[in-house]
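Visitor: Before I ask anything, let me first share the structure, which is written out below as structure tokens.
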Amino acid sequence: MGHTASPSLRRTMRHHDGMGVELPSCYFASPLGFTDDGVRLLHDRYLPALRRVVTPVNPWDLTRPEELSAAATPGDLRELRREMGRRNAEAIEKSALLVAYLEGQELDSGTVAEIGYASALGKRCFGIRSDQRQIGETEARINLQVEYFITRSGGDIVDTLDELLTALERTVVDLCGAVEGVVDASGARMRLDV
């Protein structure tokens, strides 16, 4: 929590007509904020990589640590948890895409709920899962319903971060009609291989 991106990091793509097109927002659903190692993985690997092709929305940044500290009673904490759920739902509603971290023997229930919600809203969803253990039904990569929501949305489940970035790049070009690549706020070109 507390690693909100600066507005100066806003990125655009050059549209075929030369005009800038803002990169679509992408909600990153994951349980990574629950542990110190997960937070490091989130901030050192996933968010920087996603910033190359989308504007990531990190739900762990939507609640400040001071808010958690201030929730002194069980009733306060219950109200804060409801507010956190509302903020996450609103962030999904405002995002164009969703990426889900699907590692582990069991999928995180909150991440799964976010996939279902985003899919129901018509958001394109993607999952990343390098864990080769089968956790779903026979012939399903993960739980068949979660896999269905992702593929129904037009997304896919990929094995690597590079595959995810490639899928997102293609989706961004599809959504924005942009062809000339990604640029940062200063106008410096960033690579977009499609």
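Visitor: About its Cα centre, how strong a charge dipole does region 59-166 have in debye, to the nearest 20, once Lys and Arg get +1 and Asp and Glu get -1 at the Cβ?
Guide: It works out to roughly 360 debye.
Visitor: Length gain on complete extension for the stretch Ser130 to Arg152, per 0.36 nm per residue less the alpha carbon to alpha carbon distance?
Guide: 5.8 nm
Visitor: Principal axis extents for region 104-177, Cα atoms only, whole Å, descending order, please.
Guide: Answer, in whole Å and largest first: 37, 27, 21 Å.
Visitor: For the pair Glu106 and Glu67, how long in nm is the line joining their label points, each one 7 Å along Cα→Cβ?
Guide: Each label point lies 7 Å from its Cα, and together they span 2.7 nm.
Visitor: Based on the Cβ-Cβ distance from Glu22 to Leu161, what FRET efficiency comes out when R0 is 25 Å, to the nearest 0.05?
Guide: Using R0 = 25 Å, I get an efficiency of 0.60.
Visitor: Evaluate E = 1/(1 + (r/R0)^6) for Arg87 and Asp44, where r is the Cβ-Cβ distance and R0 equals 30 Å; express this FRET efficiency to the nearest 0.05.
Guide: Efficiency for this residue pair is about 0.80.
We did not get these values from a lab; they are worked out from the coordinates using the rules stated. Only a predicted model underlies this, so the values are computations on that prediction, with no experimental measurement involved. Neighbour counts are summed over all protein chains in view; Cβ atoms, including those assigned to glycine, are modelled from backbone coordinates with ideal geometry.
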